[in-house]
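Asker: Have a look at this one.
Since every read-out is calculated from the coordinates, none of them should be taken as a lab result. Note that the structure is predicted; figures quoted are calculated from it, not measured. Every residue, glycine among them, receives a Cβ derived from its backbone with ideal geometry; neighbour counts consider all protein chains shown.
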Amino acid sequence: MAFNIYDFTSFNQSIDELLYEWLPPFWAMIVEMTIIGLVFLLAYAIVGLLLVYAERKVCAFMQNRIGPNRVGPYGIFQTIADFIKLLMKELVYIKDSDKLLFNIAPFIVIIASFMAIAAIPFAKGLHAIDFDIGIMYVVAVSSLGVVGILLAGWSSNNKYSLIGAMRSGAQIISYELSVGLSLLTIVVLAGTMQFSQVVELQSTGWFIFKGHIPAVIAFIVFLIASTAETNRGPFDLAEAESELTAGFHTEYSGIKFAFFFLAEYMNMFIVASIAATVFLGGWMPFHISGLEGFNHVMDFIPPLIWYIGKTAFIIWLMMLFKWTFPRLRIDQLLNLEWKYLLPINLVNILIMAFIVLMGWHF
Amino acid sequence: MKEIINLPVHSIEEEEYHINMGPQHPSTHGVLRLVVTLQGETVKKVQPHCGYIHRGIEKMCEKDTYQQIIHLTDRMDYLSAHINNHAVCLLVEGALEVEVPERVKYIRTIIDELNRIASHQLWWCSFGMDLGGLTCFFYGLRDREHILDIFEESFGSRLLHSYYTPGGLMQDIHPNFQKRTKDFIKYFRKKIKDYDRILSGNVIFENRSQGIGVMSKELAINYGVTGPSGRASGWACDIRKKYPYGVYDKVDFKEILRTDGDTYARYMVRMDEMRESMKIIEQLIDNIPEGDYTAKMKPIIKLPAGEYYQRVESARGELGIYCISDGNKTPLRMKFRTPSFVNLGVLDKISRDMKIADLVAIGASLDLVIPDIDR
Amino acid sequence: MDSEKLKEKILTLVPEAQLEENKQFPTFLIPSGKFKSLTAKLKEDKDLDFDYLFCLTGVDWGTELGVVYHLTSTSLNHSLELKVKTENRETPEFDTVADLWKTAEFFEREVWDLFGIRFTGHPDMRRIFLEEDWVGFPMRKDYTDEVNIVEL
Amino acid sequence: MNSIYTYFADIFHGLKSLLIGMSVTGRYFFSPGQIVTQQYPENRKTLKMFDRFKGDLMMPHDANNQHRCTGCGICETNCPNGSIEVISDRIELPDGKKKRIIDKHIYHLSMCTFCGLCVKTCPSDALAWDQTFEHAVFDRSKLTKILNKPGSSIIKDIE
């Protein structure tokens, strides 16, 4: 296979062996973890900044504007300038707030999103850890962030924040179901929860094409539910700028606010990565069976590019949602989940199981 | 320990709390403060507190001549400044029994309607923004800019024009005025379809607005809610039809009426009004008669002693001016019955037992302009 | 109902009312004692059916304080102007019409705020624009404020 | 059965309306030619205001440094905000008559509401609107301007 030239497995292994040769096993592990941590931290910050910039540019183009264009060429340093500003801003102390929870909340949110990244395969062999229950792990960990949001709203001693946090709690608990079930549909098809295997299985065709209509439905449901889970428009009820001013992070300033801000964008990146990995084949190139020449050309595009392209497409879709639709009301939001998404999802998973049982999938 | 036991027991469902919406809040469109009593997320009571930009325009009018009053009325409802000016001009002209040239009437009617479209565009974009669709805001402002350009070319300013004077106009319209207006109508007929596609037909929007803040016809009359908000409840209160001024009696246009009285009806009435306004402009723009742009007026205007009431249809409803003159060059009392002030009164009534999100939608659909409330 | 008939009808309802001639609308000066009963009849009577109070103005004529009511009937299309006046500048007080026409609730608060005329029976008689601790009533002719009012 | 039909009809109607909405924003995203933003400080050279634009009050002077203002003060009385002050002087003409000329025509831009009454009522057309609009200054006193240029005089025939 042509994409073996882009395989990171041997590269990683050589570093691993080298470290264990030089250092005692304990220290080798520590150093390894530190390296991985630093790489991820760096990638996290860069992706976050890029996404904020991309959001501004994308929404500007949708609104007939240019967007940021003053700091650096095409305004690419705008977000960096903004983060420097946020770093230097005063951290306002809120009277009668629960200080411990107030300070801890942004970290919970950002750690939850950080943990979820660990399981995502960026290319062959390029992942921090390859659980055999990777999908389950990501779903479980990404829903931890709501604890941070609830604490932030609760501890701020502000009614706007509290309403925002409560909305967010109700919302994420509901939509967690749909995210899980729509991923489960694909797990039924794939027969595994390991991300690397899920991707390998798609070398003959992406699951969204393999799984007939149920996979398409699951993809749409996942898009809707994951948009809701990341608290992005039209499901941004927790922030609800025109109703609650800023919702749960009304009282946060400076770097603590930046954490929430960054976590929101990273959550978007994570769910987009999962959608790309599970439905669109992750880093697997696009193949059409029978067209060998075409497939060969596709193989020469590095898997990282494939992965980034697919993720970017889904992120673009989510931005399109946010900048087109008006916001839902809280009861309509729960209606959508419990009356529409959940029943459809349950039926969908049954159909998928039936298809797999009969061997009708490609 | 005993004290704790004897504390009054509140059940969580019954407990109410207050939040301050405003004076600085994104969806009050200015410095209006609403003290909202909430039970969970359900609105139980809304108490508006106004006056944050009360400038005492009525008091200032008592010191100003009638020409000078014009520029104060600009600053009440700044989104339909021309229509406010028109009311003062009609009041003075009616009191002095001056016959203004036909040309002036035509031009005033066209500009009023352009101003109405501009106002409704801004309402549309802020309405979309209040519901969470931020892109609407930019589309509305983008198209409004074309009207402001027309205004700027002819009268030199974009928002507060002071273009009408008692008896006529400050200066004649710019030679480009007709061409630009026709271009705009052509442009906006295309763009208004986008408005419908992005908001009117959207399922989320329909769910957010239908059946929200229902106002019956009797309620609208009792609270005096005029303008598009009143017409959405089925109350035919269009001053342009009932007491025609300008050349509204010569043009063919429909009074948009809806019977539902909810937020969606108020929205659709305004959308249809924009189309009706374009129809009015199309009928008039090629037929502006030649003539003077102002009637002969004395430099110092003194109204005969007496009382005068003049009303016009502003973009938000009935704008009434009640003027008591004692024969001097300044009025004894000038009262502005501004539509936003009256329409605000109904907010508490129709937003009870709705959610906070609905309160925002209802407030936006009433199209309140805060300087118009406070004056 | 045309204005002549309307004038007769009002005069039969309140014989003490003074008709003012040559006005835009039929205008009556109503003694404040009779005002409450008259407004109730104006609203309830099916021949009059004044259901829309379109303007309520507080006026300071120099010596007298008063309120001007503009009423119209949306079904019968006739209008009426009512005035009440008082020479009492210390504690002027009239009956409220906010129970008949809800729109008067805000108008009357505005009149109280700027003219200092109280309305008995008003559900929420607070200042509307100014703060509660504001001294004086700014729209009165004898109101002075050296600091904030600039004479040109 | 009917309720099931409406359930699915609702879903498809909803999805369709959402797709229509997305097509609008999506279309604008892929047509950057429709961008309307003006790049303000960069386009200063090409940015031209309409000739009727009310930016700043000015007193036109001709090549001989002569203006048309007689100092009658009508603009001052007509100004609603007191943003114009006319300080006039009396000089003796060679034939013994006294004539009023302006000493200073002071204009407070900070108080002006651009109502245009001064320009309209001026009997000798001495005032006009200027099209400048960049009025930002660091000191408020700079907004008070003297409209007649130093050493200027009145054109002969103006009464």
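Asker: Could you give me the ³J(HN,Hα) list for the range B:52-60, computed from phi with Karplus coefficients 6.51, -1.76, 1.60 and θ = phi - 60°, whole Hz, x at Gly and Pro?
Answerer: 5, 10, 6, 10, x, 4, 5, 5, 5
Asker: Ok, one more. Is the C-alpha gyration tensor of the range B:267-375 telling us rounded, prolate or oblate? Criteria: a/c under 1.5 is rounded; beyond that, a/b larger than b/c is prolate, otherwise oblate.
Answerer: Oblate, because a/c is 1.5 or more while a/b does not exceed b/c.
Asker: Pop out the ³J(HN,Hα) list for the range B:64-72 in order, Karplus 6.51 cos²θ - 1.76 cosθ + 1.60 with θ = phi - 60°, rounded to Hz; leave Gly and Pro as x.
Answerer: 9, 6, 5, 5, 6, 4, 3, 6, 6
Asker: How many percent of DSSP beta bridges within chain D run antiparallel, rounded to 5?
Answerer: Bridges in chain D that DSSP calls antiparallel: roughly 90 percent.
Asker: May I pose another question? Going by amide H atoms built from the backbone, whose H comes under 5 Å of the H on A:ALA238, apart from near neighbours?
Answerer: Those qualifying (amide H under 5 Å, at least 5 residues apart or on another chain) number zero.
Asker: Loop only per DSSP, at most 12 neighbouring Cβ atoms within 10 Å: give me the GluC sites (Glu not before Pro) in the range B:236-334, ordered by residue number.
Answerer: Those that pass, being in a loop and sparsely packed, are B:GLU290.
Asker: Moving to a separate point now. Return the whole-Å distance between the Cα centroid of the range D:74-130 and the Cα centroid of the range B:53-107.
Answerer: Distance between centres, Cα-based: 25 Å.
Asker: Can you give me the long-range amide H partners of C:CYS55? Hydrogens built in the peptide plane at 1.01 Å from N, cutoff under 5 Å, separation of 5 or more residues or another chain.
Answerer: For C:CYS55, whose amide H was placed from the backbone, the distant partners under 5 Å are C:HIS70.
Asker: Let me ask something additional. Which percentage, to the nearest 5, of the DSSP beta bridges contained in chain C is antiparallel?
Answerer: 75
Asker: Count, for each residue of B:35-47, the Cβ atoms from other chains sitting within 10 Å of its Cβ, then give me the mean as a whole number.
Answerer: 1
Asker: I'd like the distance separating the alpha-carbon centroids of the range D:45-62 and the range B:305-335, in whole Å.
Answerer: Result: 35 Å between the Cα centres.
Asker: By Kyte-Doolittle mean hydropathy of at least 0.0 and Cα axial length of at least 27 Å, which whole DSSP H helices of chain A are selected?
Answerer: For chain A, where a helix must reach 27 Å along its axis and average at least 0.0, the hits are A:25-62, A:99-117, A:159-190, A:254-279, A:303-324.
Asker: So what J values fall out for the range B:195-205 if you push phi through Karplus, 6.51 cos²θ - 1.76 cosθ + 1.60 with θ = phi - 60°, rounded to Hz, Gly and Pro as x?
Answerer: 4, 5, 5, 7, 10, 4, x, 5, 5, 5, 5
Asker: Partner chain Cβ atoms within 10 Å, averaged over the residues of D:102-114 - can you pull that number for me?
Answerer: 1
Asker: Another question, if that's okay. Considering amide H positions built from the backbone, and no H for Pro or chain starts, which residues 5 or more places from D:ASP56, or on another chain, come under 5 Å of its amide H?
Answerer: HN-HN under 5 Å from D:ASP56: D:ASP130, D:THR132.
Asker: Cα extents of the range D:1-115 along the three principal axes, largest first, in whole Å?
Answerer: 106, 35, 19
Asker: To the nearest 500 deg cm²/dmol, what mean residue ellipticity at 222 nm is calculated for chain C from DSSP H runs of n ≥ 4 alone, each contributing -39,500 (n - 2.57), summed and divided by the residues?
Answerer: Calculated from helices alone, the mean residue ellipticity at 222 nm is -7500 deg cm²/dmol.
Asker: Sorting A:ILE172, B:ILE256 on the 10 Å Cβ count, fewest up front, what's the list?
Answerer: Ordered by Cβ neighbours within 10 Å, fewest first: B:ILE256, A:ILE172.
Asker: Could you tell me how many degrees, from 0 to 90 and to the nearest 10, lie between the Cα long axis of helix B:81-96 and the main elongation axis, the longest principal axis, of the Cα atoms of chain B?
Answerer: Tilt relative to chain B: about 50 degrees.
Asker: Of the peptides B:323-329, B:126-132, C:41-47, how do they stack up when ordered by the mean number of other Cβ atoms within 10 Å, highest first?
Answerer: Packing proxy ranking, top to bottom: B:126-132, B:323-329, C:41-47.
Asker: Then there's this: Can you put A:GLU292, C:GLU81, A:GLU229 in order, fewest other beta carbons within 10 Å first?
Answerer: Fewest-to-most ranking of A:GLU292, C:GLU81, A:GLU229: A:GLU292, C:GLU81, A:GLU229.
Asker: Return C:VAL135, B:VAL36, B:VAL203 ranked ascending by Cβ neighbour count within 10 Å, so the fewest neighbours appear first.
Answerer: C:VAL135, B:VAL203, B:VAL36
Asker: Next up: Taking Cα atoms, how many degrees apart are the long axis of helix B:102-130 and the longest axis of chain B, rounded to 10 and kept between 0 and 90?
Answerer: 20
Asker: I need to check one value: relative contact order of chain B, counting alpha carbon pairs closer than 8 Å and at least 6 residues apart, in percent.
Answerer: Relative contact order comes out at 25 percent.
Asker: For the range D:28-67, which chymotrypsin sites (Phe, Trp or Tyr not before Pro) pass both filters: DSSP loop (anything but H, G, I, E, B) and at most 15 other C-beta atoms within 10 Å?
Answerer: Here the chymotrypsin sites (Phe, Trp or Tyr not before Pro) that fit, given the DSSP loop and packing criteria, are D:PHE30.
Asker: Continuing with this model, one more query. Where the only charges are on Cβ atoms (+1 Lys, Arg; -1 Asp, Glu), what is the dipole of chain A about its Cα centre, to the nearest 20 debye?
Answerer: Using only the charged Cβ atoms, the result is roughly 1120 debye.
Asker: Relative to the first principal axis of the alpha-carbon coordinates of chain D, what is the inclination of helix D:2-29, with its axis defined by its Cα atoms, in degrees from 0 to 90 and to the nearest 10?
Answerer: Once rounded, one gets 40 degrees.
Asker: Just counting partner chain Cβ atoms within 10 Å, what average do the residues of peptide A:137-147 show around their Cβ?
Answerer: 0
Asker: Would you mind putting B:367-375, A:344-352 in packing order, based on average other-beta-carbon counts within 10 Å, highest first?
Answerer: B:367-375, A:344-352
Asker: Relative contact order for chain A: what is it in percent, counting Cα pairs under 8 Å that are at least 6 residues apart?
Answerer: That works out to 22 percent.
Asker: Using alpha carbon centroids, what distance separates the range C:93-114 and the range C:119-146, in Å?
Answerer: So the separation of the two Cα centres works out to 13 Å.
Asker: Classify the range B:202-290: rounded, prolate or oblate, from the alpha-carbon gyration tensor (a ≥ b ≥ c, eigenvalue square roots; a/c under 1.5 rounded; otherwise prolate if a/b is larger than b/c)?
Answerer: Oblate, since a/c reaches 1.5 and b/c is not below a/b.
Asker: Assign one of three labels to the protein assembly as shown, namely rounded, prolate or oblate, based on the Cα gyration tensor with a ≥ b ≥ c the square roots of its eigenvalues; rounded applies when a/c is under 1.5, prolate when it is not and a/b is larger than b/c, and oblate otherwise.
Answerer: Because a/c hits 1.5 or more and a/b exceeds b/c, the protein assembly as shown counts as prolate.
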